[in-house]
Amino acid sequence: NSNERATIWADWSRNLILPNGIRLRPFANARADEYYVSSQSPTQLGDHTAARALGTIGVDASWPFFKRQNDMSIVLEPLAQIAISPNARPYSTIPNEDSQTLLFDETNLFEYNKSPGFDYYESGQRLNIGGRATFRLDSGGSGQLLVGESLRAQPDPSLLGTSLNRTASDWVIAASLQPVNQFSAYTRALVNQSTGALDRIEVGANANVYKVSGFLRYLRDDIDIAGARVENMQGGL
């Protein structure tokens, strides 16, 4: 098989701060793909070309609140994103090679297109909401907690292996803590919106003392795209 793709896109955004401190970032994205597909499989089309036009408009919004408490700075920040695209339509003539696995977590919760590659493009109307709390000590310590979820007007069956194929995704929870420069810890989890069960959890810690550094990490994923439960632990010194 031999596949080639040409892509052209344009992005626009603007940052606005209202007098009451609300931050707004309206944005727009337009993209066009042209594919040349050679012998996709014996049961599908032979050599052919396929084209599609894609686009999204939306707005990011946040409203940070700042507070000073003794030797600590605290920021509480409600977050929201509205993204509107045409509803999903099947492109049976376009192979999906670079977007078969989509990991949903705090890193792409507020991305209008959560796809890791080009072959899939997130579509439909969705609302990503959440809240973030951050604290920093004058001595250098810090911590952060993020909670949020993604809501969709219609489920997208293309998003198998994630909770994004439902109208209400799992709750995304992520926390990190670094009390001193030599030690940090983190956890991230996906909590089932209906049952409260942990669909995915990852915890880890890193330490660096004098000339010795090490890490420990544990992962359990019950919604792997292959349908199998994944569980592993890693460590290093």
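The values are calculated or read from the model by the stated rules, or taken from the named source; none is laboratory data. Just so it is clear, the model here is predicted, and its values are computed rather than measured. Note: ideal-geometry Cβ built from the backbone for every residue, glycine included; neighbour counts use all protein chains shown. The protein model used for the area step is the full one, side chains on, heavy atoms only, and it has no ligands, DNA or RNA in it. Shrake-Rupley method; radii C 1.70, N 1.55, O 1.52, S 1.80 Å.
What the table below lists for this structure:
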{"read-out": "Test: residue in the range 75-89 that is without any contact (Cβ under 8 Å) to a residue 40 or more places away in the chain and not hydroxyl-bearing (S, T, Y)", "value": "yes"}
{"read-out": "Filter pass, A30 being surrounded by fewer than 14 Cβ atoms within 10 Å (Cβ to Cβ) and at pLDDT 95 or above", "value": "no"}
{"read-out": "Selected residue [among the aliphatic types (A, V, I, L, M), farther than 30 Å from L18 by Cα and either open to solvent by less than 20 Å² (accessible area, probe 1.4 Å) or in contact with a strand residue (DSSP E or B) (Cβ under 8 Å, 6 or more places away or on another chain) (or both)] from A83, A51, A61", "value": "A51"}
{"read-out": "Residue count, the range 143-156 (criterion: surrounded by fewer than 16 Cβ atoms within 10 Å (Cβ to Cβ), among the polar types (S, T, N, Q) and without any contact (Cβ under 8 Å) to a residue 40 or more places away in the chain)", "value": "0"}
{"read-out": "Residue satisfying all of: in the range 168-193; closer than 15 Å to D222 by Cα and assigned to a loop (DSSP other than H, G, I, E, B); most open to solvent (accessible area, probe 1.4 Å) among these", "value": "Q193"}
{"read-out": "Whichever residue in the range 73-97 is of a type in the set (A, V, I, L, M, F, W, C) and at pLDDT below 95 and, among such residues, is nearest to the chain's Cα centre (by Cα)", "value": "A88"}
{"read-out": "Residues of the range 104-133 that turn out to be touching a residue at least 24 places away in the same chain (Cβ under 8 Å) and either surrounded by fewer than 17 Cβ atoms within 10 Å (Cβ to Cβ) or in a loop (DSSP other than H, G, I, E, B) (or both), as a count", "value": "19"}
{"read-out": "Flag if G235 is open to solvent by 50 Å² or more (accessible area, probe 1.4 Å) and either of a type outside the set (V, I, T) or without any contact (Cβ under 8 Å) to a residue 60 or more places away in the chain (or both)", "value": "yes"}
{"read-out": "Within the range 167-185, considering residues that are modelled with pLDDT of 95 or more and within 14 Å of V147 (Cα to Cα), the one farthest from the chain's Cα centre (by Cα)", "value": "S176"}
